[in-house]
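Read through the structure below, which is laid out as structure tokens, and then see the notes.
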Amino acid sequence: MFENIKVSKYLSYLFLIIVSAIWVIPVLYGITTSFRSQTEVVSSGFRLLPVNWIVDNYVAILENTSTAPILQWIWNSIFIATTHTLLVVIVIAITGYGYTRMNFKGRDVLFFTLLAISFFPNVVNIIPSYMIIDILGWVNTPWAMIVPGVAGMANIFLVRQFMKGIPKELDESARVDGASDFRIFISIIVPLIKPILIVCGLFSFVGSWNDFLWPVIVYTDVQKMPVTAGLLLLQDVYGNYRMIGQLMGSAILAIIPTLLLFFFAQKYFVQAIKLNAGLKG
């Protein structure tokens, strides 16, 4: 029996190592390719480590501030993702409170109707969303990415489910002491729902940062693009096997902010996965 357990354990480890290698090796190859010369990229074939390590690709990337301003794109994405995340946290906290703590006619019907509509594919909304953005004059502005998706029903659903687990006796006790709905929300509810707000905030930031299709549609000004739309543009600037090292270097620079976010908020990501699993289960 114990031998079977050990075999299963070793097979599990082997499987995890293989899966990790499948994911890690291409990333490592991309990183090392950014330190290769174009001649080596074309002539050496697959080699995990460069023969000669160079930083010329990164120098060229940082010096190109006209056709491929990578640092400006990264800053644009940081501003957009951070602002979007802050608005998401505020909106879903207030909305979740309204759907769980406030009684009004048609509350549950409205919630489940909006939840059902949210299951439609996002591509269905692209044309009407763009028309709205164009009417508001938000094309080529950060608001084109900040505002859409702020009231995402998936996040509201998570907050609502989490908030339903908070005893309403806390609200009633606070009201007996003369607290208003606003005071109850700020002083009691918000501190208690902090874990789920962190979950939604982290995934909202990563989702906004990685969004690709929408920014490609609403941005045409090179200087105002977020990094995902900029990377698509780089395929014309550095692609077609002309400057593969610079293309890979740009991609590596683009993922640094999210890697830093993961390292500094790693425990919250783990809590987010556990919390998501608990709420769905």
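Rule-based calculations on the coordinates, nothing more; no lab input. Owing to the predicted nature of the structure, the values given are computational and were not obtained by experimental measurement. Because the Cβ atoms are built from the backbone with ideal geometry, glycine has one as well, and the counts that use them run over all protein chains shown.
Mean sequence separation of contacting Cα pairs (under 8 Å, at least six apart), scaled by the length of the stretch 1-71, corresponds to a relative contact order of 22 percent. Pairs of Cα atoms nearer than 8 Å and 6+ residues apart set the relative contact order; for the chain it is 31 percent. In order along the stretch 189-201, the Karplus-derived 3J(HN,Hα) couplings, from 6.51 cos²θ - 1.76 cosθ + 1.60 at θ = phi - 60°, round to 6, 4, x, 6, 9, 3, x, 6, 5, 5, 4, 5, x Hz, and Gly and Pro are given as x. Couplings for the stretch 249-256, taken from phi via the Karplus curve 6.51 cos²θ - 1.76 cosθ + 1.60 with θ = phi - 60°, read x, 5, 5, 5, 4, 5, 8, 4 Hz in order; Gly and Pro are left as x.
Can you give the angle from 0 to 90° between the axis of helix 107-117 and the longest principal axis of the chain, with both taken from C-alpha atoms, to the nearest 10? Helix 107-117 and the main axis of the chain meet at about 20 degrees. The order of the peptides 128-135, 144-151, 96-103, 8-15 by mean Cβ neighbours within 10 Å, most packed first, is 144-151, 96-103, 128-135, 8-15.
Here the ratio of the Cα radius of gyration of the chain to 2.2 N^0.38 Å is 1.27. In plain terms, the C-alpha convex hull of the stretch 79-207 casts an average shadow of 9.1 nm² when viewed from every direction. Per-residue 3J(HN,Hα) values for the stretch 78-95, derived from phi via the Karplus relation 6.51 cos²θ - 1.76 cosθ + 1.60 with θ = phi - 60°, read 4, 5, 5, 5, 5, 5, 4, 5, 4, 5, 4, 4, 5, 5, 6, 5, 5, 5 Hz in sequence order (x marks Gly and Pro). As a proxy for reagent exposure, 190, 19 were ordered by neighbouring Cβ count within 10 angstrom, fewest first; the result is 19, 190.
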